Structures are given as C-alpha cells and as structure tokens.
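All remarks here apply to the structure that follows.
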Amino acid sequence: YIIFLSGGGPLLHGTGVCQHKGAVSPIEELVASFFPKKLLELDHFLKDPILNICELKEIHSEINLTVPDPILLSDIHDGLEAQNAKKRKLEDGSGADKVAGTKVFVMPGGMMKSNTKLVDLIEKVKPEIRTLIEKCNTVKMWVQLLIPRIEDGNNFGVSIQEETVAELRTVEGEAASYLDQISRYYITRAKLVSKIAKYPHVEDYRRTVTEIDEKEYISLKIIVSELRNQYVTLHDMILKNIDKIKKPRSSNAEALY
C-alpha cells in the first residue's frame, strides 16, 4: 500500500519507507528545512515593533460608553422606604418602575468595537499556531507509521520513536490551547463591556477591560516565543535521533562482530 501526506510524496510503501537510495523523504525535508525557516521567521517577528511596545497604554482601546446623568428620586430617601415601596408595588400593583436596573437596548455610539490593535496582532499569530499544529500532526503520523511490530528485546529505538511521538503530541496540544486562550479573551472582554454598558458609573469595570487587554498582549508575545521554541526543540530532537527514528531496530547481521 502507499500512503500520501499533503505537501509531499509517498510516505510509506508496504512496511518500509518508500525512498530511493540517498533520497530524503518529504517529512525529513520538512523537519530539516521548514522548521528552521519558521523559527527564524518567528524570531524576526518577535523583534517587530508591534511586539515590543514599552508603554502598554499604547494598546488601550477607547470605551465609547458615556456615563449618563444621575436620576434623582424625590419620594425614595433611604433603603427602608425603597423596600416598602417595592412591597406596595407587589401588593397593589401601584407605582411606576422608578428603581429598575439599567436596560441597554442599543449602544449610544453604535456597535462597541473590539481592541483593533490586539485583533490585528491575533490575526497574525493564529495562522502560525495553525501551521505548527498541522506540521506536528504530519510528522507525528510519519513517526507512528515507522514504529515496527512489537517484539521482545532490541526496543531502544522504538522507545525513542515513542518519546518523539509523545513530544509531538504535547506540542500539538499546547498549540491548540493557545487558540482556546484567544477565544476566552474575546468572551471575557465581551462580558466586561456588557457590564460597563449596564453599570456605566462603575469605574472598576472600565479598568478591568484595560487590564485584560494588557494581559492578552503579553500573552500573545509569550505565545509567539513559545511557537519559536517549539520549532527549535522539535528540530533538534528529531534530527539528533533521525537514524533511530527511521531504523529503530538493527538487523542480526549488523549486530554480529
């Protein structure tokens, strides 16, 4: 049988690697050439001014929600009278909704925009995360298909293959968690903005939004750094053990001396 992977030629043919003598498989080319290329690109990205802002105030986004004028109620003076008024309203149905919560039907300035600076940065980072996940999955499948059948003894090379697969799976899972982190940022910020719309007089909600934005900016820089480091780690680990990964067990003839 022949198995093909996207972006390359045949991965496996029958039970052995389909290669001509001296030829390099597409997956080896991926690890040896593409990984170093990506880590250099990410290292250059880390030096970009967009990821090296000294004053985090530069990434703040204006919250276009004005504080409304206070409403004075002349017939309710303290908490006790407010409770009595509420009881009377429930008992006889009289009294207007004088102390109802702030209802938000529409934003005064139109749609509340996201932090555009962070959105632009996120849109640059997400493709890099997706690329790492895809490449890890491809290399992981290659190594898994090279694992020989289970036998007694002479399994040192197989253990190296299994450790390589475990490392690839870990990197793949960590990269996927970065996407979850970005989604959580949007959800958390949306809830805070909704709170500001409902309670515009509470300054702490406004401050929390800026804190969330600053935290996400720092997290994105860490994510880019981690992506670069993961390319370095995988490149180093796989190339150092490439012989054992490709040929985990030596033949009996080679073992004789």
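The values are calculated or read from the model by the stated rules, or taken from the named source; none is laboratory data. The structure presented is a predicted model; accordingly, all values stated were derived computationally and were not measured. Cβ: placed from backbone, ideal geometry, glycine included. Neighbour counts: every protein chain shown. For accessibility, only protein heavy atoms count, side chains too; no ligands or nucleic acids. Shrake-Rupley method; radii C 1.70, N 1.55, O 1.52, S 1.80 Å.
See the values below:
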| item | result |
| --- | --- |
| Any hit, segment 156-178, residues being within 20 Å of K38 (Cβ to Cβ), of a type in the set (D, E) and open to solvent by less than 40 Å² (accessible area, probe 1.4 Å) | yes |
| Matching helices (runs of 4 or more DSSP H) fully within segment 187-257 where at least 2 residues are in contact (Cβ under 8 Å) with a residue 40 or more places away in the chain, open to solvent by 30 Å² or more (accessible area, probe 1.4 Å) and of a type in the set (A, V, I, L, M) | 203-240 |
| Every residue from segment 113-134 that is open to solvent by 10 Å² or more (accessible area, probe 1.4 Å) and more than 16 Å from the chain's Cα centre (by Cα) | K113, S114, T116, K117 |
| Tally, over segment 106-160, of residues that are under 30 Å from A197 (Cβ atoms), among the hydrophobic types (A, V, I, L, M, F, W, C) and part of a helix (DSSP H, G or I) | 5 |
| Failed criterion for K38 (all others in (1) closer than 20 Å to I223 by Cβ; (2) at pLDDT below 65 hold) | (2) |
